[in-house]
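Take a look at the structure below.
The values are calculated or read from the model by the stated rules, or taken from the named source; none is laboratory data. Note that the structure is a prediction, hence the values are computed from the model and not measured. With ideal geometry, Cβ positions are generated from the backbone for all residues, glycine too; neighbour counts draw on all protein chains shown. Areas reflect the complete protein model, heavy atoms only, side chains present, ligands, DNA and RNA absent. Shrake-Rupley method; radii C 1.70, N 1.55, O 1.52, S 1.80 Å.
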Amino acid sequence: MLHPQARALIDLLQERGVPAMHTLTPDGSRRLYRERRHLVQPDPPEVAQVQSLQATGAHGAIALRLYRPLTSGRAAASKLPVLIYFHGGGWVIGDLDTHDTLCRELANGAGIAVVSVDYRMGPEHRFPAAVDDSIAATRWVHAHAGELGLDAQRIAVGGDSAGGNLAAVVSLALRDSGGVPLAYQLLIYPSTDMRRVAPSHQRNGQGYLLTADTIAYFQGHYLADPAHELDARASPLLHPDLRNLPPALVLTAGYDPLRDEGIDYAQRLSLAGNRATHIGFERQIHGFILMGRVIDEANDAVAICAAQLRRALVA
């Protein structure tokens, strides 16, 4: 059954007449997403340092935001492990600010640095622009780790929804091209199959904030050609070889259209010989991890993610 707090949030948004994302222009959706965060997200916790950076990509500068934890339990001169984080938002909405609180929580909770990536998005920059920027940003952080006080041998990638998709794709790309040894991947209700064929797309496609219409809207602004749905850089579940990938935590929500493809990806990772843990919050909706002000289980999910990152990168 749907968690009562998730039900109350859905009812509140309906009562207030908050429009569905797919009824707005991309700019309108971005504004709504930024504004809505104040309703559902906790206050941002203090961290030791927040630093704006710019990575160099093949198509120009990529804005980054580096967080250092308030208490890492490590000597000040030591190099911190780092999570490179790709925000969610259907490759169309979301930015460094919409995921600022979550990145701070993960930094403090895991005792690691977090680098948030402001990758290019559709419809202005279509697939594979977000992929290219995410790979370039990860390579840049690795190359500049020493001067940033980061440990180049303890780098994880992670993200939620579209960002989880990008983290999975980056892990595959860097496995194949080499040069950056990733230690972990954090995949929070990731999109893994653009074909939208998993049963949860029908079962959860209406009534739970992220709808089938909204997913089609996001994909329509991201993919320039329907054939891109079959490209493993868009649909990592379709990659023929998932061996030799970093250990993974895959987190899913029970009332999420993406639930089943997330579980399928975790299963395929395990079958391919990787260490992959799946945790399902079966009463929750897509996006819930950002909603800790109104959904208690969001804070539990953040704590689990932070604990797994600490275990993989610090312990």
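Computed from phi, the 3J(HN,Hα) profile of region 78-89 under the Karplus parametrisation 6.51, -1.76, 1.60 (θ = phi - 60°) reads 6, 8, 8, x, 9, 9, 8, 10, 10, 5, x, x Hz, with x in place of Gly and Pro. Here the chain is treated as an ellipsoid with the same Cα gyration tensor; its semi-axes, largest first and in whole Å, are 27, 22, 19.
Projecting the Cα atoms of L245, L24, V197 onto the charge dipole of the chain (Cβ charges, centred on the Cα centre) puts L245 farthest toward the positive pole. Across region 218-233, rounded Karplus estimates of 3J(HN,Hα) from the backbone phi angles (6.51 cos²θ - 1.76 cosθ + 1.60, θ = phi - 60°) give 5, 5, x, 7, 9, 8, 7, 9, x, 5, 5, 4, 8, 6, 5, 6 Hz, Gly and Pro being marked x. The trypsin sites (Lys or Arg not before Pro) of region 63-145 meeting both criteria, a DSSP state outside H, G, I, E and B (loop) and at most 14 other C-beta atoms within 10 angstrom of the site's C-beta, are R74. Close amide H partners of R283, meaning residues 5 or more places away or on another chain with modelled amide H under 5 Å apart, are G254.
Highest mean packing comes first when the peptides 192-203, 177-188, 1-12 are listed by Cβ atoms within 10 Å, giving 177-188, 192-203, 1-12.
Around the amide H of L83, modelled in the peptide plane, lie the amide H atoms of A113, V114, V115, A156, all under 5 Å away and 5 or more residues distant in sequence or on another chain.
Per residue, the chain exposes 38 Å² of accessible surface when a 1.4 Å probe is rolled over the protein heavy atoms with every protein chain present.
Sequence gap at least 6, Cα distance under 8 Å: using those rules, report the relative contact order of region 1-99 to the nearest whole percent. Present the calculation step by step, with values, prior to reporting the outcome.
Numbers: 61 pairs, mean separation 25.0, N = 99.
Contact order relative to length: 25 percent.
For A232 and Q14, the difference between the fully extended length at 0.36 nm per residue and the C-alpha to C-alpha distance is 74.8 nm. When the Gaussian network model of the chain links Cα atoms closer than 10 Å, the mean-square fluctuations of Q41, Q14, Q206 top out at Q14.
Pairs of Cα atoms nearer than 8 Å and 6+ residues apart set the relative contact order; for the chain it is 20 percent. Taking the accessible area of the chain, probe 1.4 Å, and keeping the other protein chains in place, the carbon and sulfur fraction comes to 51%.
Amide H to amide H, with H built 1.01 Å from N, A48 comes under 5 Å of R68, L70, counting only residues 5 or more places away or on other chains.
GNM remark for the chain: springs join alpha carbons under 10 Å apart, and the peak mean-square fluctuation among L39, L249, L230 falls on L39. Between A152, A130, A168, the GNM of the chain built on Cα springs shorter than 10 angstrom shows A152 fluctuating the most.
Working note: Karplus 6.51/-1.76/1.60 with θ = phi - 60° gives region 133-143 the couplings 5, 5, 5, 4, 5, 5, 5, 5, 4, 4, 5 Hz, where Gly and Pro are set to x.
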